[in-house]
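The values are calculated or read from the model by the stated rules, or taken from the named source; none is laboratory data. In this text, all values refer to a predicted model and were calculated from it rather than measured experimentally. Methodologically, a virtual Cβ is constructed for each residue, glycine included, from the backbone with ideal geometry; neighbour enumeration extends over all protein chains shown.
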Amino acid sequence: MKQIALDIGLSTGPTIANFCAGTNVAALRHMELWIGGKSGVGADTPTRSPVATYFWGATGSGKSHLLKAAREALREQGARVGWLDASVFNTPEFSESWAAVMLDDVHLYTAAQQHAAFNWFVNAQTHQRPVLAAGDCAPADLKLRDDLRTRLGWGHIFHLQTLSEPERRAVLRQAADARGVFLGDEVMDFMLTRFSRDLGSLMELLDLLDGYALQTQRAITIPLIKSMMDNN
C-alpha cells in the first residue's frame, strides 16, 4: 500500500524534550549535557567542548532532529550558530560570533558546500567552537573530500537507530494519552501503513488529528482521518 508523506510544517519544532530516544539514549544524554542551560534536561551549565560530535543513521533516526533542537536551544539562550545543510548554497563566511557550527546532511554536500564546511570546521577549531554534524553513514564511508571526512571522524560519534514499530506505536500511544485522545488499534494500523513511518511525521499527524477532532467534535477514527485529508 502506498504511503503518504505529509507536506506539513512542524507544529512545535524539534526539541530535546520531544526527541524519542528509543535505543539512542547515549546520544540524547550527550545532547542534554551539550545544550545545558534552560533547554537542557538535568544540566544547568553546558559541557560543550570544541570536540566535534557526529550523528549518523538512516532517514528517520533523529539525527537532524538533534541538530535542529540544539540550534533552537542555543537561539533561546541568545546565541548565534552557523548552519549548513544541502539546501544552503550561498554560505556565509565563518563568524566569530557563532557559538557553534552545525553541518546537517553532509553526505549530500556539493563540492562548494564541502569547501565551506571544511573552512567552517577549521575556524571552529581555531576559535574553540563546537561542531555538530550529521550524515547517513559513518565518517569513514562518506563520499566527501578527505580533509573534511577525517575531521568528522575525530570526535564523538553516535550511530542512531530508528525506532522499531512497537516503539513507534508506544510513543504514539503515550502522546495520544497525554492529549486525552484514544487511538484504537485500527486507527494506529491505518496511520502506520498509509502515512510516512517517520516518527516526526506521525507526531505531526497526531497533532493535526487532535485539532481536527476537536474542531469537528468527533473521535479519531479512520473516517475522520480520511475526512481531514479530503479537506486539506
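Annotations
- ALA133 among the small types (Gly, Ala, Ser), within 18 Å of GLY82 (Cβ to Cβ), touching a Pro at 6+ places or on another chain (Cβ under 7 Å) and at pLDDT 95 or above: no
- Considering segment 199-228, and only residues there that are surrounded by 15 or more Cβ atoms within 10 Å (Cβ to Cβ) and touching a Lys or Arg at 6+ places or on another chain (Cβ under 9 Å), the residue that is nearest to ALA69 (Cα to Cα) turns out to be LEU199.
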